[in-house]
Every structure is written in C-alpha cells, then in structure tokens.
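Here the structure comes first, spelled out in structure tokens, and everything after it is commentary.
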Amino acid sequence: MCVMAMSAEQVVVEADLVAGRLCCPVCDGPLVPWGFARERTVRLLDETRLLRPRRACCRRCERTHVLLPAWALARRRDGTEVIGRALLAKANGQGHRTIAAALGRPAGTVRGWLRTFTRRAGAITTTEAGRDVPIDVKWLAGDA
Ligand SMILES: [Zn+2]
C-alpha cells in the first residue's frame with residue numbers, strides 16, 4: 001500500500017478518480033476507486049476532523065493506495081499543520097517540551113516527531129509545483 005497526499009478538495013479528488021485522471025505513483029497506471037480506508041479523527045490546531053480516506057487501486061500493477069488530504073499524514077493522529085508547526089518551532093531553536101506545551105500535545109509525542117523528521121530529512125525532495133504529487137510519507141511514520 002502506498003499513501004498519496006492530495007492538495008485538492010475531496011470532491012475534486014473523487015471526480016478525478018472516477019474519471020481516471022489520477023495515476024499510480026508506482027507505475028503511472030490509471031487508478032480506480034477501491035473503497036475507503038479506516039475512519040479516524042485528525043487533530044488540527046483549532047479543531048478535530050473526522051477523516052475517511054478514499055482508497056484507490058491501480059489497474060496496471062494492482063497495488064492499492066490511500067488518498068489522504070494534504071492536511072493529514074499517514075499513521076499520525078495529528079494533522080500536517082500541527083506537526084509542521086512543531087518542526088518550524090524546532091528549526092527556530094525551541095525544545096520539544098516547550099513545543100509540546102504550546103501545541104497541547106505530550107512531550108514524548110513531539111519528541112518522536114522531531115526525531116523521526118531528523119532521521120528522515122534527507123528523503124524530502126522538491127517536486128513539480130502545481131501538481132498533486134504522491135509523497136512517500138513512510139519517513140514520517142517511521143517505518144521506511
Ligand atoms: Zn500501479
């Protein structure tokens with residue numbers, strides 16, 4: 001299974017998926033709807049959202065993919081804006097306890113994000129602007 005981060009709204013992603021306009025990040029084959037991934041809640045800075053990610057299957061290589069909105073990360077309960085803010089605070093010299101207190105998250109959780117990011121920072125690459133880009137987010141989940 002691969003996780004794809006989508007920057008478009010869910011209705012746009014759904015329409016693109018049904019119309020065959022989304023491509024497999026592995027082989028570039030057409031993706032088709034393949035049910036939904038497990039429903040979960042995602043904590044953002046000011047709200048908690050319920051998320052039921054769309055799954056897609058590649059007709060060519062038969063791999064399945066989870067299509068996540070850009071505000072959610074694979075295997076993380078906290079959203080992109082929360083973890084991103086922690087990484088920015090760390091880059092500005094704050095420690096994990098200070099960041100955790102500011103975000104209202106456990107210090108161990110924040111320390112884990114920062115350590116994982118430090119370990120995986122080399123895997124981050126720049127890609128084409130303006131295109132939904134499949135991102136291998138296993139580096140953040142800590143299992144790549
Ligand atoms: Zn494929």
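Tabulated data
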item: Segment Thr118-Arg97, length gained on full extension (0.36 nm per residue, minus Cα span); result: 5.9 nm
item: Surrounding net charge for Gly35, when Lys and Arg each add one and Asp and Glu each subtract one, Cβ distance under 9 Å; result: +2
item: Built amide H within the under 5 Å cut-off of Asp78, gap 5+; result: Arg43
item: Exposure proxy ranking, count of Cβ atoms within 10 Å, fewest first, for Arg21, Arg38, Arg105; result: Arg38, Arg21, Arg105
item: Rounded Å value of the spacing that divides the Cα centres of region 69-118 and region 6-45; result: 25
item: DSSP-defined beta bridges in region 1-72 - what % are antiparallel, rounded to 5; result: 70
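Throughout, read-outs are computed from the coordinates displayed, never taken from laboratory work. No experiment lies behind these values; they were computed from the predicted model shown. For neighbour counting, all protein chains shown are included, and Cβ atoms are generated from backbone atoms with ideal geometry for every residue, glycine included.
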